[in-house]
Amino acid sequence: MDAAIKVMASKGYRSASISDIISEAQVARGTFYLHFSSKLDVFHAVMDRYVQLFEARVRTEVARSYDNPLSVRSSMRESLLDWLRFFSEHKDLAKIVFREANAIDPDYEERCYKLLEACFAHWREAVVRLQKIGFVRRDLDPEFLNMGFSGLLIHIVLRRIIPGPAPDLESIVDQWIAFIESGVKAKGWLL
């Protein structure tokens, strides 16, 4: 499986061949076919692995609390770092998912949407709680903020994490927090 992820991330699904995967895995062709019937079958297994990892990440995030006004900033910072670390640790999977998954497997889009919706629901609720305690401006739509932060996360993954050497995640999160504090935080809130 790791060999398939590496090959598909570097060559793309369409250019990757079973021979490439077998060569990277250093296994016999027969061994490959004991586990998978086709390249598409391997791709589905790769997507299943991503979904399992992503589900675990979502469960961790949904368990996170933003109720304590004294720890809002640190909770938010920890959450952002955790997400960026997740994508950094699974850079090759992220590359496949963000660049090719929906085009190759339309059913994957529905599965992914359901997963994301659970996470988005948690984030919407967190924004509402942060608005109630006065940390986030009340005139901002939680759904809009959610889409904005999700889009920012995707672009950080696509433009900073996937393309090259490991970026300074701490610096990225510090800038993200500064953006949140100057753009969405209610006036007068002191940290």
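The values are calculated or read from the model by the stated rules, or taken from the named source; none is laboratory data. Just so we're clear, the structure is a prediction, and the values are computed from it rather than from any experiment. Here the Cβ is made from the backbone with ideal geometry for all residues, glycine too, and neighbour counts use every protein chain on show.
From the list Phe43, Phe54, which one is surrounded by 17 or more Cβ atoms within 10 Å (Cβ to Cβ), of a type outside the set (Asp, Glu), in a helix (DSSP H, G or I) and modelled with pLDDT of 90 or more? First the steps, then the outcome.
Details: Phe54 fails: modelled with pLDDT of 90 or more.
After ruling out the rest, the residue left standing is Phe43.
Give the residue, chosen from Arg73, Arg59, that is surrounded by fewer than 17 Cβ atoms within 10 Å (Cβ to Cβ), assigned to a helix (DSSP H, G or I), among the basic types (Lys, Arg) and touching a residue at least 12 places away in the same chain (Cβ under 8 Å). Spell out how you get there, then give the answer.
Working: Arg59 fails: touching a residue at least 12 places away in the same chain (Cβ under 8 Å).
Just a single option satisfies the conditions, and that option is Arg73.
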Search result, residues across the stretch 123-145 that are more than 23 Å from the chain's Cα centre (by Cα), assigned to a loop (DSSP other than H, G, I, E, B) and either over 20 Å from Ser65 (Cβ atoms) or not aliphatic (A, V, I, L, M) (or both) = Gly134, Phe135, Arg137, Arg138, Asp139, Leu140
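Among the residues of the stretch 88-139, how many are of a type in the set (Asp, Glu), at pLDDT 85 or above and either within 20 Å of Val157 (Cα to Cα) or out of contact with any Phe, Trp or Tyr (no Cβ under 9 Å at 6 or more places or on another chain) (or both)? Walk me through how you get there before you give the answer.
Looking only at the stretch 88-139, we keep the residues that are of a type in the set (Asp, Glu), and these are 89, 92, 100, 105, 107, 109-110, 117, 125, 139.
Adding the requirement that they be at pLDDT 85 or above leaves 89, 92, 125, 139.
In the following step, the residues that additionally are either within 20 Å of Val157 (Cα to Cα) or out of contact with any Phe, Trp or Tyr (no Cβ under 9 Å at 6 or more places or on another chain) (or both) were identified as 89, 92, 139.
Matching residues across the stretch 88-139 total 3.
Could you please give the count of residues in the stretch 153-188 that are exposed (fewer than 15 other Cβ atoms within 10 Å of the Cβ) and among the hydrophobic types (A, V, I, L, M, F, W, C)?
Initially, the stretch 153-188 is screened for residues exposed (fewer than 15 other Cβ atoms within 10 Å of the Cβ), giving 154-155, 159, 163-166, 168, 170-171, 174-175, 178-179, 181-183, 187-188.
From what is left, the residues that are among the hydrophobic types (A, V, I, L, M, F, W, C) are 154, 166, 178-179.
Going through the stretch 153-188 one residue at a time, the tally reaches 4.
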message = I need every pair where a residue in the stretch 11-35 that is surrounded by 12 or more Cβ atoms within 10 Å (Cβ to Cβ) has its Cβ under 6 Å from the Cβ of a residue that is among the polar types (S, T, N, Q) and modelled with pLDDT of 95 or more, sequence separation at least 6 or different chains.
response = none
